[in-house]
1. Keeping to region 1-11, report how many residues are under 12 Å from Arg87 (Cα atoms) and either among the aliphatic types (A, V, I, L, M) or open to solvent by 20 Å² or more (accessible area, probe 1.4 Å) (or both).
2. Among the numbered criteria (1) in contact (Cβ under 8 Å) with a residue 24 or more places away in the chain; (2) touching a helix residue (DSSP H, G or I) at 6+ places or on another chain (Cβ under 8 Å); (3) not β-branched (Val, Ile, Thr), which single criterion is violated by Pro41?
3. Under the condition of being under 20 Å from Asp37 (Cα atoms) and among the hydrophobic types (A, V, I, L, M, F, W, C), which residue from region 48-83 is most open to solvent (accessible area, probe 1.4 Å)?
4. Can you list residue pairs whose Cβ atoms sit under 6 Å apart, with the first residue in region 62-80 being free of Cβ contacts under 8 Å to residues at least 40 places away in the same chain and the second being open to solvent by 40 Å² or more (accessible area, probe 1.4 Å)? Count only pairs 6 or more apart in sequence or on different chains.
5. Is there a residue in region 53-60 that is over 18 Å from Ala15 (Cβ atoms), touching a strand residue (DSSP E or B) at 6+ places or on another chain (Cβ under 6 Å) and part of a helix (DSSP H, G or I)?
6. Could you identify the single residue in Ala48, Ala30, Ala60, Ala39 that is under 14 Å from Trp88 (Cα atoms) and among the aliphatic types (A, V, I, L, M)?
7. Those residues that are open to solvent by 40 Å² or more (accessible area, probe 1.4 Å), part of a helix (DSSP H, G or I) and farther than 14 Å from Gln64 by Cα, I need them from region 15-47; list them, please.
Amino acid sequence: MLIPPGKVSTYGDVARMAGLAGAARRVGLALRRLPEDTAVPWHRVINAQGKIVVPGGSEARNEQRQRLELEGVEFRSQTGVNLRQYRWHPG
């Protein structure tokens, strides 16, 4: 199950969907270890406050924001999105 374009999920959401409630950090670790050419939509995973958690000023942070914006996700602050509007609720 992939998070659709224009939507986001939190690390905790992904952990719950994988049957690993409470393992949000494990999701983050797994995403950080993905190869650069992955087809996994890693950029659609953000924290529970609706923010990008990749270190500021990094190329990955800029790429994550840019990918989300290209999919129509609007940022309400430097790094945050409105989870009520953009959070994906499968099924």
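1. In the first step, residues of region 1-11 are kept if they are under 12 Å from Arg87 (Cα atoms); the result is 3-11.
Narrowing further to those that are either among the aliphatic types (A, V, I, L, M) or open to solvent by 20 Å² or more (accessible area, probe 1.4 Å) (or both): 3-5, 7-8, 11.
Going through region 1-11 one residue at a time, the tally reaches 6.
2. For Pro41, the failing item is (2).
3. Leu70
4. Pairs found: Arg76/Asn82; Thr79/Lys51; Gly80/Lys51.
5. no
6. Every option except Ala48 fails the conditions.
7. Arg16, Met17, Arg25, Arg26, Leu29, Ala30
The values are calculated or read from the model by the stated rules, or taken from the named source; none is laboratory data. All of these numbers come straight from a predicted model, not from anything done at the bench. Counting neighbours? That spans all protein chains shown, and the Cβs are built from the backbone with ideal geometry, glycine included. Surface areas here come from the heavy atoms of the whole protein model, side chains and all, with no ligands, DNA or RNA. Shrake-Rupley method; radii C 1.70, N 1.55, O 1.52, S 1.80 Å.
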